[in-house]
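The values are calculated or read from the model by the stated rules, or taken from the named source; none is laboratory data. Just so you know, these numbers come straight off a predicted model, no measurement behind them. Cβ atoms come from the backbone with ideal geometry, glycine included; neighbour counts cover every protein chain shown.
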Amino acid sequence: MDKLLLRGEQINSVARRFSVSEDAVGRHKRHMQLVIAKAAALVEQKDVAYGSALMAEIGRIRADAERLQLESERRQDIRGALRAIHERLAVVELEAKLNGQIDMSQKNVTINVQAISTEEAVEYARDILELFAPTPPPDAPPPLLMAENVPDVPAEGGCDGN
């Protein structure tokens with residue numbers, strides 16, 4: 001009967017199958033729900049107790065690391081003090097992870113890569129430079145053009161025969 005009810009079988013169907021009243025099956029189903037809830041609460045209590053014991057142990061480790069740091073500092077043992085600080089940091093990080101303050105879930109990252117030609121890459125770089133170039137103030141003089149930056153400027157003479 002329990003298995004059928006847990007699988008979601010209708011009360012009237014279970015009652016007919018076992019030749020009992022629907023009221024009796026309904027009472028039994030409510031009793032099952034109560035027992036399941038109590039069992040879940042017991043499991044949760046055990047989990048809470050275990051978690052509390054873990055957190056207490058972390059607290060003891062943190063206190064030991066602090067004591068060792070202070071002792072190392074008193075003896076002017078810089079390396080010992082730094083090791084103790086490192087351990088304290090590890091304990092704080094562990095505590096934050098266990099408390100859910102640091103997200104430990106894995107993240108998926110998708111990177112789309114597209115092959116482009118050298119010319120496209122240069123054009124893209126120019127666009128980026130132009131986009132992030134500082135904007136001159138409105139009253140600033142125009143930038144000076146250097147001959148090597150201006151295409152098709154004759155090196156000598158300057159005129160085409162006119």
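Remarks
- Enumeration of residues in segment 107-137 that are surrounded by fewer than 10 Cβ atoms within 10 Å (Cβ to Cβ) and of a type in the set (Asp, Glu): 119, 130
Matching residues to (1) touching a helix residue (DSSP H, G or I) at 6+ places or on another chain (Cβ under 8 Å); (2) surrounded by fewer than 10 Cβ atoms within 10 Å (Cβ to Cβ):
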{"residue": "58", "(1), (2)": "yes, no"}
{"residue": "67", "(1), (2)": "no, no"}
{"residue": "80", "(1), (2)": "yes, no"}
{"residue": "104", "(1), (2)": "yes, yes"}
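- Between 73, 93, 119, 130, the distinction of being under 30 Å from residue 47 (Cα atoms) and among the acidic types (Asp, Glu) belongs to 93 only.
- The listed residues are 74, 17, 27, and the only one of them that is more than 28 Å from residue 97 (Cβ to Cβ), surrounded by fewer than 10 Cβ atoms within 10 Å (Cβ to Cβ) and not small (Gly, Ala, Ser) turns out to be 74.
- Members of segment 111-123 found to be out of contact with any Phe, Trp or Tyr (no Cβ under 8 Å at 6 or more places or on another chain) and at pLDDT 85 or above, listed by number: 115, 117, 118, 119, 120, 121, 122, 123
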